[in-house]
Protein chains: 2
Amino acid sequence: VLRVPDGRVVASTDLLVEGRHFRRDWSGPVDIGAKAAAQNMADIAAMGAVPTALLLGLATPGWLAADWVLDLVRGMLAECERAGATLAGGDVVSADAVMLAISALGDLAGRQPVTRQGARPGDLLAISGPVGWSAAGLALLASGAADRADLGADLAALVAAHRRPQPRYQAGPQAARCGATAMIDISDGLVADVGHVASASGVGFQIHAADLPGQAPLRAAAALLGDDWRDWALAGGEDHALAATFRAGQPQPDGWKVIGAAREGAGVLVDSQQGGRGGWDHFR
Amino acid sequence: VLRVPDGRVVASTDLLVEGRHFRRDWSGPVDIGAKAAAQNMADIAAMGAVPTALLLGLATPGWLAADWVLDLVRGMLAECERAGATLAGGDVVSADAVMLAISALGDLAGRQPVTRQGARPGDLLAISGPVGWSAAGLALLASGAADRADLGADLAALVAAHRRPQPRYQAGPQAARCGATAMIDISDGLVADVGHVASASGVGFQIHAADLPGQAPLRAAAALLGDDWRDWALAGGEDHALAATFRAGQPQPDGWKVIGAAREGAGVLVDSQQGGRGGWDHFR
């Protein structure tokens, strides 16, 4: 039984499957738990709500070490504490593979929920933090470069962002208070998720790649691996920054960076180039 | 975003794994969906709350027919309608086995939640419907007897109860209004679940098997299969009747049947015989 002073509750649910959403050989249980919690609480923040509670359904083979599960829960609890939420309950079943089913609840504190539908042509598009860091970190892990002793702080930050994103949950309610007209959690990739706002709102978007925040580490990783940093920034998911639209002429909230604008039409243009179906072409 | 007029929300979550919690060769998708919804909403009713919404996380192999999934959702929707709840959202992922992760939300409508902890010696123990029907239905299915053309209405009712239990959700809020001191959903078996109330409340229970409702079909199935009907009634789970305690001298709510009483001590006695660890001895 959870208090929801507002009289409305925001609810969201996600399934995470081993091998698809996480790898036990690349991430420890504390990070996997923290990341799973973060992903769900970012969904709540993207409505303009404050995450209040998580429920965890854990499917696990009998051979999985109890310590692994305890560390998973420790990671979830640590991330819940960052967000001000509690781990309120759950269920455990035996299964052939590890799977997490997380439901998150949140409170709107009297505000109207911000959806994907309210963007209008002329609205400014802003994001609450870097994008592409998690994807770049994954690329560093996949290439083996992440294991290098001389990795450096910038690249280590990318690997850390992959293992354990730290969404700014308060950016969601903050944007709602500042009149955000639409908002989404960037979980699939910037172009793909802004595309969801475009479809829901019946508008198009123009993104200026040069305005994207957090480019320096991405450029360093791209130089090392011979990749294009924009692929990560435009198509990489799982950073759980928020994207929101604001009426032009209104002041942006602190910590939000304008990266483009809504326009008449449909789809997402990046520097006048059309983003591909479901995201950014280079990534497909 | 769901309305919770009460300012508190009751939340519960369950995982159901194919082969463990359901079999696609014994139950169709409509029944599996309805049963999964019922199981979760019965948990909400057992707190004295009204189920308001479900979230469904579905893990499924790519080869599963889309019609199977649509029928699963149809079954959930039908059971939600019985309870007055909505299917509010969810998530779908690809996995090697079919798994359902269901979260249920409920509203207390101003009542205090009924927990497992409030039973006192002398309280009467009552249940909201038959127990053991689902287990007897499963036994009829496992033995092949369920396929007989001359099964008869009584035994067919047991098979139907296994495939698709129909909990009386309103019995939970009804018991709460009538001053229930403790309550639980009978999902693991009568003796096991009353044992959970015993532990949580610090009391013992005495159950009179002769007072159990719905014996006639159980006795008919037991005669056919050479089993003891009490094994099903005392240890069979998944009927999702509710068990609750009431102060002696108070009138029982309609549809509830007194089957015993709380006493000083611990554990659960059935006709003066000690129930085994975790349930009823014969079942182990």
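For the reader, a short list of remarks on this structure follows.
- Förster radius 60 Å - calculated FRET efficiency between B:R74 and A:S272, Cβ distance, rounded to 0.05: 0.80
- Shielding value for A:92-98 is 5, the average number of Cβ atoms from other chains within 10 Å of each residue's Cβ.
- Accessible area buried, both sides summed, chains B and A with 1.4 Å probe, Å²: 2600
- Most mobile of B:V93, B:V131, B:V159 in a GNM of chain B (Cα contacts under 10 Å): B:V93
- Loop-resident chymotrypsin sites (Phe, Trp or Tyr not before Pro) (DSSP state other than H, G, I, E or B) in the stretch B:57-161 with no more than 11 further Cβ atoms inside 10 Å of their Cβ: B:W63.
- Relative to the other identical copies, B:A266 shows label-point distances of 6.8 nm, where the label point lies 7 Å from Cα along the Cβ direction and values run shortest first.
- Nearest-first distances (nm) between copies at B:R74, label 7 Å from Cα via Cβ: 4.9
- Computed accessible area, A:F205, all protein chains, 1.4 angstrom probe, square angstrom: 0
- Nm distances between copies for B:A109, ranked from closest, using label points 7 Å along Cα→Cβ: 3.2
- For chain B, the solvent-accessible area of protein heavy atoms averages 39 Å² per residue (probe radius 1.4 Å; ligands and nucleic acids excluded).
- Computed [θ] at 222 nm, helices only, for chain A once each DSSP H run of length n ≥ 4 contributes -39500 (n - 2.57): -10000 deg cm²/dmol
- DSSP bridge orientation in the stretch A:1-121 - percent antiparallel, rounded to nearest 5: 65
- Cα lying deepest toward the dipole's positive end in chain B, options B:G267, B:A192, B:S103, charges on Cβ: B:G267
- Only beta bridges with both residues in chain B are counted; by DSSP, about 75 percent of them are antiparallel.
- Signed unit charges on C-beta, dipole axis of the protein assembly as shown, positive-most listed residue A:A49, B:A241, B:H208: A:A49
- Computed from point charges on the beta carbon alone (+1 for Lys and Arg, -1 for Asp and Glu), the dipole magnitude for the stretch A:1-78 about its Cα centre is near 120 Debye.
- Surface share of carbon and sulfur [accessible, 1.4 angstrom probe, percent] for the stretch B:31-156: 55
- For chain A, modelled as a GNM whose springs connect Cα atoms under 10 angstrom apart, the maximal fluctuation among A:L225, A:L125, A:L77 occurs at A:L225.
- The Cβ shell under 15 Å around B:A139 holds other residues with a net charge of -2, Lys and Arg each +1, Asp and Glu each -1.
- Top of A:R230, A:R24, A:R168 by mean-square fluctuation, Gaussian network on chain A, Cα under 10 Å: A:R24
The values are calculated or read from the model by the stated rules, or taken from the named source; none is laboratory data. Quick caveat, the model's predicted, so the values are computed rather than measured. Don't worry about glycine lacking a Cβ; one is built from the backbone with ideal geometry, like all the others, and counts go over all protein chains shown. Surface accessibility is based on the protein's heavy atoms, side chains included, excluding ligands, DNA and RNA. Shrake-Rupley method; radii C 1.70, N 1.55, O 1.52, S 1.80 Å.
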